[in-house]
Amino acid sequence: MLAKIIQAIKSFFNALFGSKPQNEPTTAKPPKTKPEPIDLAPQDGSEITPDTIVVVANEMDFPKAQPGDNAPDKDFDDDIFVEEQKEEIPAPPPPAPTETPKPEIPTPTPTTHQRYLWCLDNGHGKKTKGKRSPLFDDGTTQFLEYEFNRDIVSRITKALDNKDIAYFIVVPEEDIDDFLEGRVNRANSKKSTLPKLFVSVHSNAAPAASANSWAPDNVSGIETWFYHGSKRGQKMAGIFQKYLLEKTGLKNRHIKSKPDGQFYVLRKTAMTSVLTENGFYNNKKEAAALMDDKMRQKIADAHVAAIMEIEDNGL
């Protein structure tokens, strides 16, 4: 009886002051979660781990599309892929007939026809962690990938200016990080009456004991990446790889793609895209070569030669 009286008094005060009964379950607030990073997959060849599945293709084995087949590659991200129609170049009109042939007819200077807008992506920025070689023997000299990427793209654009080829530098800034989403958004949103192609310029890195250790000497060379399953991407990568090998004489690591977790800039750009890996900056011998002005010019010239072949013949 006494227990019932005590319980009644507790209930009275609970109702009066709004206290929650002891037996009533409490609703816990869900724990706060940090936003997911933009992408956890490797972003270039230097971040590929030994257990990653990579498909290596012959750069001279160009996949052939059927005549009149303008369908997009089916495994691009459907939400962002926009098919590029190949631009038809009208044939020049036949020369007008003349009554009397002239002994000397000067050859007219051909006018440049711009087929594509080249989105040139110079990769990482100054704030990107890593992406630099160990110090050389003098204790101060170091290869910085962001500087290399921008120097190569600068050399490419100088040549394209002379050839009147349309281009867009995706990241002119230096004081930035990877800027992955921004790079892709800039390329995708760039207005152009020409179809767009995307080339991301990089230098590679091999697994090493630490960031301050040089990689083995036998890991070296050139490789070019394309979006897995893209016929146009594979052909474009093969053209760039061909000229990079021809101009530099570096080891052929072939053209490559990843069936899963593909590089963000290849997966999210709404155009055919490739990523060139121009030598290994943590291979001591190759890093020294990549810092040489003559080698850098060869790498830039190779990119220009590939661009010009595609400008002339299309993809």
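Laboratory data are not the source of any read-out in this text; all were calculated from the coordinates shown. Just so it is clear, the structure is predicted and the values come from calculations on it, not from any experiment. Cβ placement follows ideal geometry from the backbone for every residue including glycine, while neighbour counts extend to all protein chains displayed.
Please tell me which of these pairs span more than 25 angstrom C-alpha to C-alpha: LYS158/LYS196; LYS191/LYS268; LYS158/LYS251; LYS190/LYS268? Let's see the in-between values first.
Details: LYS158/LYS196 19 Å; LYS191/LYS268 17 Å; LYS158/LYS251 27 Å; LYS190/LYS268 14 Å.
Result: LYS158/LYS251 exceed 25 Å.
Tell me whether segment 189-275 comes out rounded, prolate or oblate; compute the Cα gyration tensor, take square roots of the eigenvalues as a ≥ b ≥ c, and use a/c under 1.5 as the rounded threshold. Please report the intermediate quantities before stating the final value.
Values: a/c = 2.18, a/b = 1.66, b/c = 1.31.
Prolate, because a/c is 1.5 or more and a/b exceeds b/c.
Using modelled amide H (1.01 Å from N, peptide plane; none on Pro or chain starts), what sits under 5 Å from the amide H of SER203, excluding residues fewer than 5 places away?
Residues meeting the criterion, in which the H sits 1.01 Å from N, are ASN278.
Which whole-Hz ³J(HN,Hα) couplings does segment 197-207 yield from phi under the Karplus relation 6.51 cos²θ - 1.76 cosθ + 1.60, θ = phi - 60°, glycine and proline marked x?
10, 10, 10, 9, 9, 9, 10, 9, 9, 9, x
May I ask you to derive the FRET efficiency for ASN252 and SER210 from their Cβ-Cβ distance with R0 = 30 Å, giving the value to the nearest 0.05? Provide the component values of the computation, followed by the final result.
Details: r = 29 Å, r/R0 = 0.95.
That gives a FRET efficiency of 0.55.
Between GLU173 and LYS127, 0.36 nm times their residue separation minus their Cα-Cα distance comes to what? Display every interim value, and only then the final one.
Values: separation 46, 0.36 × 46 = 16.56 nm, distance 1.11 nm.
Full extension of this stretch gives 15.5 nm more.
What percentages make up the Cα-Cα pair-distance distribution of segment 103-246 when the bins are 10 Å wide from 0?
Cα pair-distance distribution for segment 103-246, in percent: 9, 31, 34, 16, 6, 2, 1, 0.
Want the number for GLU309 to ASP260: 0.36 nm per residue separation, take away the alpha-carbon distance, what's left? Spell out each step's value before the answer.
On the way: separation 49, 0.36 × 49 = 17.64 nm, distance 3.02 nm.
Full extension from GLU309 to ASP260 adds 14.6 nm.
If amide hydrogens are placed 1.01 Å from N in the peptide plane, which non-local residues have theirs closer than 5 Å to the one on HIS124?
none
What percent does the relative contact order of segment 155-278 come to when contacts are Cα pairs within less than 8 Å and at least six residues apart?
Details: 149 pairs, mean separation 42.4, N = 124.
Once divided by the residue count of segment 155-278, the mean separation gives 34 percent.
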